[in-house]
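K.L.:
Quick one: this structure, given as structure tokens, is what I'll be asking you about.
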Amino acid sequence: MPAALVAALAAAVQAPAANATTNAATASTAARTTASTKAPDKAPSTRAQSTSSGYGITVQRNLELKLRDGRVLRADVHMPTDPATGRPASGRFPVIVGFTPYGKTPSAAVGLSGFGGFNPDLVKHGYIGLMVDVPGTGGSTGKFDLFSPAEAKAGAEVVRWAARLPHSSGKVGMLGLSYVAIDQLFAAAEVGPHSPLKAIFPMAATIDPYRDLFTSGGALNVESPLGLVFGYGVTRVFTPFIEMAHDPAAALRLAYQNLLQAGPFELTFARDMLTNGARRYDNDYWKRRAPERILPKIVKNGVAVYLVGGLYDVFQSGEPLLYSGLQNAAAGRPVGAPMPKNAKASAKYQLLYGPWTHTSMGKDVDMTKLQLQWFDHWLKGRDTGITKTATPLHVKEPGGGSYDSAAYPPANAKPVHLSLRSGGRLTNEGPGAAEPADKISYNLLSNPCTRSTDQFAAGLLSQFVSACTDAQHKNDKDTLTYATAPLTRPMRLSGPIGVTLNATSNRPESQWSLTLEDVAPDGTSTDISGGAQLGSLRAVDAKRSWKGTPGNWIMPYHPLTKASGQKVPVGTPVRYDIQIRPAFTTLAAGHRLRLRVGTADFPHLIPLADLPQLLGGQYTVQHDPQRPSGIDLSVIGAP
């Protein structure tokens, strides 16, 4: 989410040069047109853009859509034109909607892959592009309320309005990344059966914003929420001056109204993060905003979904769960369960999952081609071949490997258990007798130059400092490490990972931060994935957790409610079941798999209100048959 915001703001500054196909004369005309734009109740502004092939584009700015509850949304309509004349092209076209809080004008300028909700190449191939400001943002009135039911209702009304636009074929799709992706899911659930919405293309969406974005095992994620909480405030105040440049008084009024929303939104979040208030824990507020609960409605409404997710995205865990959740819902199974090994999958719900961050989603993939195949099939009835697959989970690995699967976890991925042993060993055999425990002290700070820092900064760090995500020699200070012997053959990790630590603490709170690493023969290591757990929120919901090897969880599920919290008993061994975000990568023969156990992941995890109970913490990790510590991995090709 913060990444899309940054991209949108950057695009806003560069908007005049955003479309490379606009020649100098057209750009000059567009500038004059924008300057003379009238209020929305008068003739909207238009702009024609010539292209070397296909349709041109004409833009109608700030059309008004009045919702049933009185809110007014403002929209830009990008229409296909005859490139020779600049006039609207004859015929009827499906509509692709981008419903965005980042400003419909800057969002439309973000790249050509539809990240902001608009892809001009789709318009050039015979689609109408509709960009609409979310209530309380840009040129739209109303209250901004993160993924609220009112926002979902607005999205459904936008879909119905789009179907009635002049030259619309009556069929609608939705497109976009991050917030724009998540709003697609809620709109798809709200439209009802037999609606004009036939297909969506969400890139970087979450199944549960509380678990994916705000916490990791209950440990407070400060890095991403700060970008979201304060970034949206800046965006809401800034974008009205872009979207309503033709009416400065209206822009100032909207900006002021949006600023006043900082109290119920940004300041409330900040207060709860600092004081362990209501939104610090999972509760009804978050459950209403979790797409997991509405996946059966999407299936019932008949909306086709093509997901794109990233191994290094902030929503790394949730994106495969959206896929399995939709497949389960379509088959009448519980949404939150793992798919059966023999499950057949519907090509109506697909996921492309690759080694991408939030800002590099789909890198090195022709996303426009993919979007055209998806929308041409569902909105134009063309046989593009995209649904001719029995394995609609498509995985691309960091090293270039790729494969497809029907189920998640993949049917051929088996749980493999490795034991954490004294002396830093990670072995297939558990301890036969008690071994010396490993001691570690709580530390708030850690090396910030890590994959985790980049991941939860939406990939912005690696755009400037690649060393933090490249292979590096790591300092083992303040952490415990457990590594396998050099692998005799490649190891393909494919799916969820669970870690069990049996440990004691001298404080009534503890925090664990884990990193899974690929260690090359030269001693350099590359981060594969990570996870964390706050000790007081260690309770496991066995009904929601996914089983691994006997007695272990491959994906533990924690309630993370205030009621589920329990102090860590001082000096008594406690079992911690910790989820590591899923991995899709292959370790080469000769490499070693290493688990790094620490207490800090700075600046990603900062325990604001819990710090006093953590300071001075001394932990011991146990290694004995009665209190084993180990890791369960999803491995393809396991013996």
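K.L.:
Helix 318-331 versus the longest principal axis of the chain: what angle, 0 to 90°, nearest 10, using Cα atoms?
P.N.:
The answer is roughly 80 degrees.
K.L.:
If you take the square roots of the eigenvalues of the alpha-carbon gyration tensor of segment 454-576 and sort them as a ≥ b ≥ c, do you get rounded (a/c under 1.5), prolate (a/b over b/c) or oblate?
P.N.:
It comes out prolate by the Cα gyration axes.
K.L.:
If the only charges are +1 at each Lys and Arg Cβ and -1 at each Asp and Glu Cβ, what is the size of the charge dipole of the chain around the Cα centre, to the nearest 20 debye?
P.N.:
1520 debye
K.L.:
Pick out, from Pro415, Val132, Pro101, the residue whose Cα sits farthest towards the positive end of the charge dipole of the chain, with +1 on the Cβ of Lys and Arg and -1 on the Cβ of Asp and Glu.
P.N.:
Among Pro415, Val132, Pro101, the one farthest towards the positive end of the dipole of the chain is Val132.
K.L.:
Measure out, as a whole number of angstrom, how far apart the alpha-carbon centroids of segment 202-263 and segment 395-461 sit.
P.N.:
One Cα centre to the other: 33 Å.
K.L.:
So which trypsin sites (Lys or Arg not before Pro) in segment 61-145 end up in coil per DSSP with only 11 or fewer other C-beta atoms within 10 Å?
P.N.:
Those satisfying the criteria are Arg68.
K.L.:
Take every Cα pair under 8 Å in segment 413-636 that's 6+ residues apart, average their separations, divide by the length, and report that relative contact order as a whole percent.
P.N.:
Over segment 413-636, the number comes to 39 percent.
K.L.:
Using the charge dipole of segment 413-636 (Lys, Arg: +1 at Cβ; Asp, Glu: -1 at Cβ; taken about the Cα centre), state which of Val465, Ile497, Gly598 has its Cα farthest towards the positive end.
P.N.:
Highest projection toward the positive end goes to Ile497.
K.L.:
Using packing as a proxy for protection, rank 284-291, 561-568 so that the peptide with the highest average count of other Cβ atoms within 10 Å comes first.
P.N.:
In decreasing order of mean packing, 284-291, 561-568 become 284-291, 561-568.
K.L.:
To make sure I understand the rule: partners must be aspartates and glutamates, Cα under 19 Å from the Cα of Lys380, and not fewer than 8 residues away in the same chain. Which ones qualify?
P.N.:
Candidates past the 8-residue exclusion: Asp121.
K.L.:
Can you give the calculated 222 nm mean residue ellipticity of the chain, where each DSSP H run of n ≥ 4 adds -39,500 (n - 2.57) and the sum is split over every residue, rounded to the nearest 500 deg cm²/dmol?
P.N.:
Counting only the DSSP helices, I get -6500 deg cm²/dmol.
K.L.:
A follow-up question, please. Find the relative contact order for the chain and round it to a whole percent, using C-alpha pairs within less than 8 Å whose residues are 6+ positions apart.
P.N.:
Reported relative contact order: 13 percent.
K.L.:
Next question. Listing Tyr349, Tyr210 from the residue with the fewest other Cβ atoms within 10 Å to the one with the most, what is the order?
P.N.:
Starting with the residue having the fewest Cβ neighbours, the order is Tyr210, Tyr349.
K.L.:
Something else now. Which links in Lys198/Lys369; Lys153/Lys388; Lys396/Lys547; Lys104/Lys198; Lys198/Lys344 stretch past 28 Å when you go from one Cα to the other?
P.N.:
Over 28 Å apart, Cα to Cα: Lys153/Lys388.
K.L.:
Okay, moving on. Sort Ile294, Ile200 so that the residue with the fewest other Cβ atoms within 10 Å of its own Cβ comes first and the one with the most comes last.
P.N.:
The fewest-first ordering by Cβ neighbours comes to Ile294, Ile200.
K.L.:
Quick check: the angle from helix 223-238's long axis to the longest principal axis of the chain, C-alpha only, nearest 10 degrees?
P.N.:
20 degrees
K.L.:
Stokes-Einstein diffusion coefficient for segment 413-636 at 25 °C in a medium of 0.890 mPa s, Rh from the Kirkwood formula over Cα pairs: what value in µm²/s?
P.N.:
For the chosen part, D equals 138 µm²/s.
K.L.:
Still on this structure, I have one more. For each of Met367, Met203, count neighbouring Cβ atoms within 10 Å of the residue's Cβ, then give the residues from fewest to most.
P.N.:
The fewest-first ordering by Cβ neighbours comes to Met367, Met203.
K.L.:
Another one. Given the chain reduced to its alpha-carbon atoms as identical point scatterers, what log10 I(q)/I(0) does the Debye formula return at q = 0.06, 0.09 Å⁻¹?
P.N.:
These q points yield log10 I(q)/I(0) values of -0.33, -0.72.
K.L.:
To the nearest 0.05, what FRET efficiency results for Arg68 and Asn475 with a Förster distance of 35 Å applied to their C-beta separation?
P.N.:
E(calc), rounded to 0.05, equals 0.05.
K.L.:
Moving on to the next point. From the Cα trace of segment 99-150, what convex hull volume per residue do you get, rounded to a whole Å³?
P.N.:
Per-residue hull volume (Cα only) is 79 Å³.
K.L.:
If you add up the charges near Asn283, with Lys and Arg at +1 and Asp and Glu at -1, over every other residue whose beta carbon is less than 14 angstrom from its beta carbon, what do you get?
P.N.:
With Lys, Arg at +1 and Asp, Glu at -1, the neighbours total +4.
K.L.:
Against the longest principal axis of the chain, how steep is helix 179-190, in degrees 0 to 90 to the nearest 10, with axes from Cα atoms?
P.N.:
Result, in degrees: 80.
None of the figures in this text is laboratory data; all of them are computed from the coordinates on show. Model, not experiment: these values are computed from the prediction. Positions of Cβ are generated from backbone atoms using ideal geometry, with glycine treated the same way; all protein chains shown enter the neighbour counts.
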